[in-house]
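S.K.: Take this structure, written in structure tokens, and hold onto it; I'll ask about it next.
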Amino acid sequence: MGDKLREILKSKGSIRKIGVIGMGYVGIPSAALFADVPRYERVYGFQRDSPTSGHKIDMLNRGESPLKGEEPGLEELLSKVVAMGKFHCTPDFSKIGGLDAVTIAIQTPFRDPKDLVPDFGPMEEGLRKTGRYMDEGTLVVLESTITPGTTKGWAREILEGESGMVAGDDFALAHAPERVMVGRLIRNIREHDRIIGGIDEESTKRAVELYSPLLTSGKIIPMTATAAEVTKTAENTFRDLQIAAVNELALYCEAMGVNVYDVRQGIASLKEEGVTRAILWPGAGVGGHCLTKDTYHLERGVKTLGRDNLDYPEGRESLYTLARGINDFMPRHMANLTRSALARAGKGFKGTKIAILGWAFLANSDDARNTPSEVFRDMMLAEGADVAVHDPYVEEYPGVDIKQELDAVLDGADAVVIFTAHHQYQSLDAGELSGTVSKPHPVIVDGRNVIDPDRFIEDGWIYKGIGRGDRNDHLIKK
Ligand code: SAJ
């Protein structure tokens, strides 16, 4: 393996023309950055002309970003590379023919996490189209987060089946997982180290050639394709685990009447050579497209690739899925805090007006994928409450009427429930709010520790906060 491919790539010469499949949070900034590399002549962005996403094609070809929310540097870069004629978005996948490299950044959610059944439909379609049109010597790179074993297994089979060529002999194949966060897409691609894992050495080398020009401070970390898949799924699983650890601590602190933020400060203060305490922040839940599913990719990987070799304590659940369970519990815990606070005000849920502050899963972003707020809202509606939602950034969301004016949701509210740590909520003023909400004893539940409980308690509010065992049973001021 490798000699034939090395010869093919040598005669093909260095990478000049690139295709990026999937014009989303990962594909768009990647395509724009590739097109901005002087030695890359042409970049195609491939996007299905579907009812939900087809509008992106014309926008991108006008040099406009269809991504909502602040993305520093993206719009400027897009209009520059479109004006230079180096980037073009198209639904015509036959243009994959003639390209030197194709990267695939398509969502890989789970249909049913419990049974570890992924929804790889869109990814399969992208792979089939790539295999159908790609030439000999093309480099194919999977950027989406995938189950360990996918690149060398399922993806290779589809590409070989469609192209009639052999990976590692006739074309190169690698995994180079994205590591971006909304609000800093361009910076993350340039500055984060890039994990690159080819199915063989030639594929890794070709992928390193492709990504090196994108990096400013980031460096390339080469490894095998499967190690790259494990690295990506595990880094998000570890983050989810760290969040679950501090969420469990917050639940314990509530039960023991302690302030988790004092404890957190204490734990984080232990610094010495080789001793780091990476303690994260407790909160109302974990949302987004990554931490909510990547644990299941890792679990699926060890169940498929490692099924006969895993030595694990008998009958013990995976630490990682346990962590998922704790983080998934947090929006339900917010419901329990709201219930007990309303009970202190002598109210139940039925007909009660609840104002949710924050629909985005991440502070100061408009990204509401898998938002924990939705779990809470559904529970409140099921209990017969009247729910209003405010978010300064999220303008629309299927089936939910989101308001941008705060007073619109606070008016007559019996309970104000904070789910996202948007800047705007850091300056909520008890006095001002008291003028709008229902009285006496309005309830405030803080899922992100953004308000000062004493200011609200002083004003006669009933307060509950995640991890605030030191305040959650405060005396109610008349
Ligand atoms: N969260 C907490 N406490 C914390 C940190 C986060 O409750 O201390 C919650 C957030 O409120 C949010 C969720 O977790 O609901 C996810 O937040 P995030 O900051 O992890 O944001 P993501 O999911 O967009 O980004 C993660 C990052 N992964 C890691 O840092 C290992 C990012 O680097 C990845 O690129 C991204 O997943 C991805 O695309 O995989």
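The values are calculated or read from the model by the stated rules, or taken from the named source; none is laboratory data. Nothing here was measured: the structure is a model prediction, and the numbers come from that model. Using ideal geometry, Cβ is built from the backbone for each residue, glycine included, and neighbour counts are taken over all protein chains shown. Note: areas computed on protein heavy atoms with side chains; ligands, DNA, RNA excluded. Shrake-Rupley method; radii C 1.70, N 1.55, O 1.52, S 1.80 Å.
S.K.: Test each condition in (1) in a loop (DSSP other than H, G, I, E, B); (2) within 13 Å of the ligand (Cβ to nearest atom) for VAL246 and report the one that comes out false.
M.R.: Unmet for VAL246, out of (1) in a loop (DSSP other than H, G, I, E, B); (2) within 13 Å of the ligand (Cβ to nearest atom): (1).
S.K.: Of all residues in the range 341-356, count the ones that are more than 14 Å from TRP461 (Cα to Cα) and either in a loop (DSSP other than H, G, I, E, B) or open to solvent by 10 Å² or more (accessible area, probe 1.4 Å) (or both).
M.R.: 6
S.K.: Another question about this same structure. If you check every pair at least six apart or on different chains, which have Cβ atoms under 6 Å apart with a residue in the range 276-296 that is in contact (Cβ under 8 Å) with a residue 40 or more places away in the chain and β-branched (Val, Ile, Thr) first and a residue that is near the ligand (Cβ under 7 Å from one of its atoms) and not in a loop (DSSP other than H, G, I, E, B) second?
M.R.: VAL286/ILE243
S.K.: State all residues of the range 183-205 that are within 14 Å of the ligand (Cβ to nearest atom) and open to solvent by 20 Å² or more (accessible area, probe 1.4 Å); if no residue qualifies, say none.
M.R.: Passing the criteria: GLY183, ARG184, ARG187, ARG190, GLU191, HIS192, ASP193.
S.K.: Scan the range 397-416 residue by residue and report those that are surrounded by fewer than 20 Cβ atoms within 10 Å (Cβ to Cβ) and part of a strand (DSSP E or B).
M.R.: If the condition is that a residue be surrounded by fewer than 20 Cβ atoms within 10 Å (Cβ to Cβ) and part of a strand (DSSP E or B), then TYR397, VAL400, LYS403 are the ones that fit.
S.K.: Within the range 78-100, which residues are in contact with an Asp or Glu (Cβ under 6 Å, 6 or more places away or on another chain) and crowded, with 16+ Cβ neighbours inside 10 Å?
M.R.: VAL81
S.K.: Next up: Just need a number here: residues in the range 447-462 that are surrounded by 18 or more Cβ atoms within 10 Å (Cβ to Cβ) and outside any loop (DSSP other than H, G, I, E, B).
M.R.: 4
S.K.: Among the residues of the range 316-337, which ones are open to solvent by less than 90 Å² (accessible area, probe 1.4 Å), over 30 Å from ILE444 (Cβ atoms) and not aliphatic (A, V, I, L, M)?
M.R.: Taking the range 316-337 as the starting set, the residues that turn out to be open to solvent by less than 90 Å² (accessible area, probe 1.4 Å) are 318, 320-331, 333-337.
If we keep only those that are over 30 Å from ILE444 (Cβ atoms) too, we end up with 318, 320-322.
Within the range 316-337, SER318, TYR320, THR321 meet the criteria.
S.K.: Open to solvent by 40 Å² or more (accessible area, probe 1.4 Å), part of a helix (DSSP H, G or I) and either of a type in the set (Lys, Arg) or farther than 30 Å from ARG156 by Cβ (or both) - does that describe any residue in the range 274-284?
M.R.: Looking for residues that are open to solvent by 40 Å² or more (accessible area, probe 1.4 Å), part of a helix (DSSP H, G or I) and either of a type in the set (Lys, Arg) or farther than 30 Å from ARG156 by Cβ (or both), one finds none in the range 274-284, hence no.
S.K.: Are any of the residues in the range 39-62 closer than 21 Å to THR216 by Cβ and either open to solvent by 80 Å² or more (accessible area, probe 1.4 Å) or touching a residue at least 60 places away in the same chain (Cβ under 8 Å) (or both)?
M.R.: Yes - at least one qualifying residue is present in the range 39-62.
S.K.: Oh, and also: Any idea which of (1) within 16 Å of the ligand (Cβ to nearest atom); (2) modelled with pLDDT under 95 is the one THR436 doesn't satisfy?
M.R.: (1)
Conditions tested, residue by residue: (1) of a type in the set (D, E, K, R); (2) over 30 Å from GLY149 (Cα atoms); (3) open to solvent by 10 Å² or more (accessible area, probe 1.4 Å).
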| position | (1), (2), (3) |
| --- | --- |
| ASP240 | yes, no, no |
| GLY257 | no, yes, yes |
| GLU299 | yes, no, yes |
| ASP311 | yes, no, yes |
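S.K.: Let me ask you something else. Could you figure out which of (1) touching a strand residue (DSSP E or B) at 6+ places or on another chain (Cβ under 6 Å); (2) under 23 Å from LYS12 (Cβ atoms) isn't true of GLU136?
M.R.: (1)
S.K.: Where residues in the range 289-340 are of a type in the set (S, T, N, Q) and in a loop (DSSP other than H, G, I, E, B), which of them is nearest to the ligand (Cβ to nearest atom)? Steps first, please.
M.R.: Here is the first cut: in the range 289-340, the residues of a type in the set (S, T, N, Q) are 292, 295, 304, 309, 318, 321, 327, 336, 338, 340.
Filter once more, so that each one left must be in a loop (DSSP other than H, G, I, E, B): 292, 309, 318.
Working: THR292: 8, ASN309: 26, SER318: 18 Å.
So, considering only residues that are of a type in the set (S, T, N, Q) and in a loop (DSSP other than H, G, I, E, B), the one nearest to the ligand (Cβ to nearest atom) is THR292.
S.K.: Sticking with this structure for a sec: All but one of (1) in a helix (DSSP H, G or I); (2) within 16 Å of the ligand (Cβ to nearest atom); (3) over 30 Å from THR226 (Cα atoms); (4) open to solvent by less than 40 Å² (accessible area, probe 1.4 Å) hold for VAL394; state the number of the condition that does not hold.
M.R.: If we test VAL394 against (1) in a helix (DSSP H, G or I); (2) within 16 Å of the ligand (Cβ to nearest atom); (3) over 30 Å from THR226 (Cα atoms); (4) open to solvent by less than 40 Å² (accessible area, probe 1.4 Å), just (1) comes out false.
S.K.: Within the range 1-38, track down each residue that is over 14 Å from LYS95 (Cβ atoms), away from the ligand (no atom under 16 Å from the Cβ), among the small types (Gly, Ala, Ser) and open to solvent by less than 80 Å² (accessible area, probe 1.4 Å).
M.R.: GLY2, GLY13, SER14, ALA32, ALA35
S.K.: Cβ-Cβ below 6 Å, separation at least six or inter-chain, first residue in the range 357-377 and in a loop (DSSP other than H, G, I, E, B) and more than 9 Å from the ligand (Cβ to nearest atom), second open to solvent by less than 10 Å² (accessible area, probe 1.4 Å) and polar (S, T, N, Q): which pairs?
M.R.: GLY358/THR420; TRP359/THR371; TRP359/SER373
S.K.: Show me the strands (runs of 3 or more DSSP E) entirely contained within the range 89-185 in which 2 or more residues are at pLDDT 95 or above.
M.R.: Ranges flagged: 101-104, 139-142, 172-175.
S.K.: Do the conditions hold for GLY266, that is, is it within 12 Å of the ligand (Cβ to nearest atom) and either surrounded by fewer than 13 Cβ atoms within 10 Å (Cβ to Cβ) or modelled with pLDDT of 95 or more (or both)?
M.R.: Numbers: within 12 Å of the ligand (Cβ to nearest atom): no; either surrounded by fewer than 13 Cβ atoms within 10 Å (Cβ to Cβ) or modelled with pLDDT of 95 or more (or both): yes.
No: the conditions fail for GLY266.
S.K.: On to the next question. Within the bounds of the range 201-219, is there any residue that is modelled with pLDDT of 95 or more, in contact with a Pro (Cβ under 9 Å, 6 or more places away or on another chain), under 20 Å from VAL140 (Cα atoms) and not in a helix (DSSP H, G or I)?
M.R.: No, there is no match, as no residue in the range 201-219 is modelled with pLDDT of 95 or more, in contact with a Pro (Cβ under 9 Å, 6 or more places away or on another chain), under 20 Å from VAL140 (Cα atoms) and not in a helix (DSSP H, G or I).
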